[in-house]
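The values are calculated or read from the model by the stated rules, or taken from the named source; none is laboratory data. The shown structure was predicted, so the numbers you read here are calculated from the model rather than taken from an experiment. Backbone-built Cβ (ideal geometry, glycine too); neighbour counts: all protein chains shown.
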Amino acid sequence: MNLTDKINEDLKAAMKTGDQVRLMTVRSIRAALIELSKRGSGAITPEDETTALLTAAKKRKEAIEMYEKAGREDLASTERAELSIIQTYLPKQLSRDDAEKVVIGVIELTSATTMKDLGKVMSAAMKELKGKIEGGVVQEIVKGKLGGRS
């Protein structure tokens, strides 16, 4: 079952149960996928779906941060609930240790030796890790591994 079918089924289930937060979140994901299909060639790839989900998750994380700074815990908790729903559709998240192993493999594969190779390593690592861990964490790991090398 592809993501669009799963979203449609979850939308129906949320309507039946009356779960307003889930209903609102699933509708927003569905709208993002529909918009994506209208913009492109019509066929959405799994990578496109993951990108749309990551964008939605990033928006929720930024909103949580803003609401917490403003002292609006009520709104932050709603955004957290939406974020947790979005995360159920994302690929299984890797631990930092697992991501580090992948980065080490990419560094060896690309023969990277210095920070000048950061872009090359990041590009290859993100192809493998996109959607499985945040890009900022990957960048931290890569910089840590290449940082001691000049």
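Filtering segment 22-43 down to residues that are among the small types (Gly, Ala, Ser) and part of a helix (DSSP H, G or I), which residue is nearest to residue 131 (Cα to Cα)?
32
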Count - residues of segment 106-142 that are under 24 Å from residue 46 (Cβ atoms) and polar (S, T, N, Q) = 2
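Output the residue which, of all residues in segment 44-65 that are hydrophobic (A, V, I, L, M, F, W, C) and part of a helix (DSSP H, G or I), is farthest from residue 76 (Cα to Cα). Let's see the steps before the verdict.
Going residue by residue through segment 44-65, those that are hydrophobic (A, V, I, L, M, F, W, C) are 44, 52-54, 56-57, 63-64.
Then keep just the ones that are part of a helix (DSSP H, G or I); that gives 52-54, 56-57, 63-64.
Details: 52: 21, 53: 19, 54: 18, 56: 15, 57: 13, 63: 7, 64: 5 Å.
Filtering segment 44-65 for residues that are hydrophobic (A, V, I, L, M, F, W, C) and part of a helix (DSSP H, G or I), the one farthest from residue 76 (Cα to Cα) comes out as 52.
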Kindly indicate the residue of segment 54-67 that is in contact with a helix residue (DSSP H, G or I) (Cβ under 7 Å, 6 or more places away or on another chain) and basic (Lys, Arg) and also surrounded by the fewest Cβ atoms within 10 Å (Cβ to Cβ) among those meeting that condition.
-> 61
Odd one out for residue 134, checked against (1) exposed (fewer than 15 other Cβ atoms within 10 Å of the Cβ); (2) of a type in the set (Asp, Glu); (3) within 30 Å of residue 19 (Cβ to Cβ); (4) not assigned by TED's automatic domain parsing to the domain that holds residue 7 | (1)
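Can you tell me which residue in segment 26-53 is surrounded by the fewest Cβ atoms within 10 Å (Cβ to Cβ), limited to those that are over 15 Å from the mean Cα position of the chain (by Cα) and of a type in the set (Val, Ile, Thr)?
Filtering segment 26-53 for residues over 15 Å from the mean Cα position of the chain (by Cα) gives 26-28, 30-31, 34-45.
Then drop every residue that is not of a type in the set (Val, Ile, Thr), which leaves 26, 34, 44-45.
Details: 26: 25, 34: 13, 44: 19, 45: 11.
Checked segment 26-53; the qualifying residue surrounded by the fewest Cβ atoms within 10 Å (Cβ to Cβ) is 45.
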Set 69, 58, 101, 120: member being in the same structural domain as residue 35 (by TED's automatic domain parsing), out of contact with any Phe, Trp or Tyr (no Cβ under 8 Å at 6 or more places or on another chain) and more than 29 Å from residue 30 (Cβ to Cβ) = 69
Taking interchain pairs and intrachain pairs at least six residues apart, which have beta carbon atoms under 8 angstrom, with the first residue in segment 1-13 and of a type in the set (Val, Ile, Thr) and the second modelled with pLDDT of 90 or more and part of a helix (DSSP H, G or I)?
-> 4/30; 7/26; 7/29; 7/30
Go through the residues of segment 13-21 one by one and say whether even a single one is among the β-branched types (Val, Ile, Thr) and closer than 24 Å to residue 129 by Cβ.
-> no
Six or more apart or on different chains, Cβ under 8 Å: which pairs go from a residue in segment 131-148 that's farther than 16 Å from residue 95 by Cβ to one that's among the small types (Gly, Ala, Ser) and part of a helix (DSSP H, G or I)? Could you list them?
-> 142/125
